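Novice: Take this structure, written in structure tokens, and hold onto it; I'll ask about it next.
The values are calculated or read from the model by the stated rules, or taken from the named source; none is laboratory data. This one's a predicted model, so the numbers in the text were calculated from it and none came from an experiment. Here the Cβ positions follow ideal geometry from the backbone for every residue, glycine too, while neighbour counts run over all protein chains shown.
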Amino acid sequence: MKYIVFETVGFTFPVIFPDIVNHCDIAFKDMPVKRGGKIVQLKPTSAGFFRVQNSPLKVVCFGESTSLTLKPNNPRDETLISFLMQNQGSHAFDNNLKLFDR
């Protein structure tokens, strides 16, 4: 699987997708999005591939996105993807909560 981590005002979150899709098909360098009635920039900050290991359950990020020229930011990316896969909810991606060093 592939992933991209995006940052915007107050949030850092991953998007995961299959290997057959290029990173650049999901993200541009800076993407305007509407949030709370305002236009904000959604910026890809890291990207790569990941796999899930069993015993114990662990996300491992590796590789890089050559199309976006971004690499993984570990352990942050592994933590974010783990939160997403465990359905932790949007609070897990709130920068104000300081759940880990971003």
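Novice: What number of residues within segment 22-43 satisfy the criterion of being modelled with pLDDT under 95 and either in contact with a His (Cβ under 8 Å, 6 or more places away or on another chain) or closer than 24 Å to ASN87 by Cα (or both)?
Specialist: Residues meeting the conditions: 8.
Novice: Exactly one condition in (1) farther than 19 Å from ASN22 by Cβ; (2) touching a strand residue (DSSP E or B) at 6+ places or on another chain (Cβ under 7 Å); (3) of a type in the set (D, E, K, R) is false for ARG76; which is it?
Specialist: (2)
Novice: If I filter segment 29-42 for residues that are buried (at least 16 other Cβ atoms within 10 Å of the Cβ) and either assigned to a strand (DSSP E or B) or not charged (D, E, K, R) (or both), do I get at least one hit?
Specialist: Checking segment 29-42: at least one residue is buried (at least 16 other Cβ atoms within 10 Å of the Cβ) and either assigned to a strand (DSSP E or B) or not charged (D, E, K, R) (or both).
Novice: Can you confirm whether segment 78-96 contains a residue that is among the β-branched types (Val, Ile, Thr), at pLDDT 85 or above and assigned to a strand (DSSP E or B)?
Specialist: no
Novice: Any idea which residue in segment 8-28 is surrounded by the most Cβ atoms within 10 Å (Cβ to Cβ), counting only those that are aromatic (Phe, Trp, Tyr) and under 12 Å from the mean Cα position of the chain (by Cα)?
Specialist: PHE13
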